[in-house]
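Written out below as structure tokens is the structure these notes cover.
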Amino acid sequence: MAIVDVTVIPVGTETPSVSHYVADIHKVLQKYEEQGDIRFQLTPMNTIIEGDLPKLFEVIQAMHEVPFEKGLARVCTNIRIDDRRDKERKMEDKVARVKSLLEE
């Protein structure tokens, strides 16, 4: 299972605000989560998605398409992938490990 950090950047919007694009992207994510394909977490600066890597690439493409579907001509998407294969880790496990080290 991989964990992916994704930021979709709509380019050429009418205003500096992009929250309505983020909301529409999260509707796509909710659909995938309801199907049991992924788990995701919204943060103030990006979205973290957890799942099997081939499915995550499908989800990222679906996210990337949302601003185009809303009429934009340009979208930039940043992706960071944490694909650890020696043990299965969830998003919460990574955070919990750091917190446990801080308590030592």
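Against the conditions (1) without any contact (Cβ under 8 Å) to a residue 24 or more places away in the chain; (2) in contact with a helix residue (DSSP H, G or I) (Cβ under 7 Å, 6 or more places away or on another chain), where does P10 fall short? Just the number, please. For P10, the exception is condition (1). Restricting attention to the stretch 13-46, the residues being of a type in the set (A, V, I, L, M), within 15 Å of V75 (Cα to Cα) and either touching a residue at least 12 places away in the same chain (Cβ under 8 Å) or exposed (fewer than 12 other Cβ atoms within 10 Å of the Cβ) (or both) number 2.
Within the stretch 41-92, restricting attention to residues that are within 21 Å of M1 (Cα to Cα) and of a type in the set (S, T, Y), the residue that is farthest from the chain's Cα centre (by Cα) is T43. Only residues that are in contact (Cβ under 8 Å) with a residue 12 or more places away in the chain and either loosely packed, with under 15 Cβ neighbours inside 10 Å or of a type in the set (D, E) (or both) were counted in the stretch 85-104, giving 3. If you filter the stretch 2-24 down to residues that are among the hydroxyl-bearing types (S, T, Y) and assigned to a helix (DSSP H, G or I), you find that the one that is farthest from K70 (Cα to Cα) is S19.
For (1) modelled with pLDDT under 95; (2) acidic (D, E); (3) touching a strand residue (DSSP E or B) at 6+ places or on another chain (Cβ under 6 Å), each residue gets a yes or a no:
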{"position": "D24", "(1), (2), (3)": "no, yes, no"}
{"position": "T43", "(1), (2), (3)": "no, no, no"}
{"position": "L56", "(1), (2), (3)": "no, no, yes"}
{"position": "G71", "(1), (2), (3)": "no, no, no"}
{"position": "D82", "(1), (2), (3)": "no, yes, yes"}
{"position": "A96", "(1), (2), (3)": "yes, no, no"}
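The values are calculated or read from the model by the stated rules, or taken from the named source; none is laboratory data. Being a predicted model, the structure only gives us computed values, none of them experimental. Here the Cβ is made from the backbone with ideal geometry for all residues, glycine too, and neighbour counts use every protein chain on show.
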